[in-house]
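Just below is one structure, and these are the notes that go with it.
Just so you know, all these numbers are worked out from the coordinates, no wet-lab data involved. The structure displayed is predicted, hence computed values, not measured ones.
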Amino acid sequence: MWSIVLMGLAGLLVGGALSFRQQHKPLWTQIVFYILAGMALLAAYLLTLPAS
């Protein structure tokens, strides 16, 4: 359940980064959004691993 929510959040963050790119905002804002999206995807993946 939470992994699906995190994947959706990652999609919104990537969309935000693309939106900032079209608005010619500073590059660091786009990079931060992409990093946060990557972290959300990593957390979603880690939640799918079985507990040992």
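When the helices of the chain are scored as -39500 (n - 2.57) per DSSP H run of n ≥ 4 and the total is divided over every residue, the value at 222 nm lands at -29000 deg cm²/dmol. The mean sequence separation of alpha-carbon pairs under 8 Å and at least six residues apart, normalised by the residue count of the chain, gives a relative contact order of 50 percent. Here the extension length gained between Met1 and Ala43 equals 13.9 nm, from 0.36 nm per residue of separation less the Cα-Cα distance.
By the Cα gyration tensor, the chain has an equivalent ellipsoid whose semi-axes, rounded to whole angstrom, run 27, 10, 4 from largest to smallest. Here the extension length gained between Leu12 and Val32 equals 5.9 nm, from 0.36 nm per residue of separation less the Cα-Cα distance.
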